Amino acid sequence: MFASRFLLALFVLIGLCWLIGIYRTFSLPDVAYLKYGHPSHSSFMRIDSVKSLLTGSAIQLQQVWVPAERIAPALKRAVVAAEDDTFFEHAGFDWQAIKKAAVLNWKRRRFLRGASTITQQLARNLFLYPAKTPTRKLKEFLIALKLERELTKARILELYLNFAQWGPGVYGCEAAARHYFRGSCAGLLATQAAFLATILPNPKKLGRGGYRLTPRAQQILQRM
């Protein structure tokens, strides 16, 4: 009798733990408020802040919000050309890019290329974490769907440009413009915008060098 009750209690406990795990996996943040407001910081910024405290790093987070009308059109074009050239056509996902990335990664037997759209990157930056896990990718997918449903493309791009990372501790296009060019995001030239777009794939590494017009930046300029 005791053994059967114990097993029943054990199964109930396991079931509850399983349900909690499922809830945590699939519970999604509310994104409707992003139509008119914006968070004071992103998930990536919080992670960097904690790491800085734990390691005693001297890196200070830099981020200044700027509305879309104060972001240079050249930067918008450069980032879309570099990161997601079908941004204004897709519904959150570029299936062709996903297919090409999957084929390349399979052939090389390692992860060489991602296929995240600007919407997916925004979902990850604001709400998730850097590690590439199936759970994170699934949540990124679901949050991106919510973002596309609730927000306009212009608003998604505005949020992305304000929270994307452009170097160690450098978040948002205004902080990036001040950091690299000692100027405002509104006044960025096309060449400067193309340079900033080249940093986005690996900001902590590519953001350590100075301003330079690389072959990649030249390609972006041609596509803008």
Please list, in chain and number order, the residues 5+ apart from Q62 or on another chain whose amide H is under 5 Å from its amide H, with Hs placed from the backbone. V170, Y171
Let me know the charge dipole size of the stretch 111-224 about its Cα centre in debye, to the nearest 20, where only the beta-carbon of Lys, Arg (+1) and Asp, Glu (-1) is charged. 380 debye
Please give me the summed charge of the neighbours of G183: other residues whose Cβ is under 15 Å from its Cβ, Lys and Arg +1, Asp and Glu -1. +2
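So which of K51/K204; K153/K204; K51/K76; K132/K204; K35/K146 end up more than 19 Å apart, counting from Cα to Cα?
K153/K204; K51/K76
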Integer Hz, Karplus 6.51/-1.76/1.60 couplings in order for the stretch 183-189, x for Gly and Pro: x, 9, 4, 5, x, 5, 7
Starting from the stretch 149-224, pick out the chymotrypsin sites (Phe, Trp or Tyr not before Pro) whose DSSP state is loop and whose Cβ has at most 13 other Cβ atoms within 10 Å. Y211
Proximal charge balance of Y171 [Cβ under 13 Å; K/R count +1, D/E count -1]: +1
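Any read-out appearing in this document is the output of simple, stated calculations on the displayed coordinates, not a laboratory observation. Quick caveat: nothing in here was measured; it's all calculated off a predicted structure. Glycine also receives a Cβ, built like all others from the backbone with ideal geometry; neighbour counts cover every protein chain displayed.
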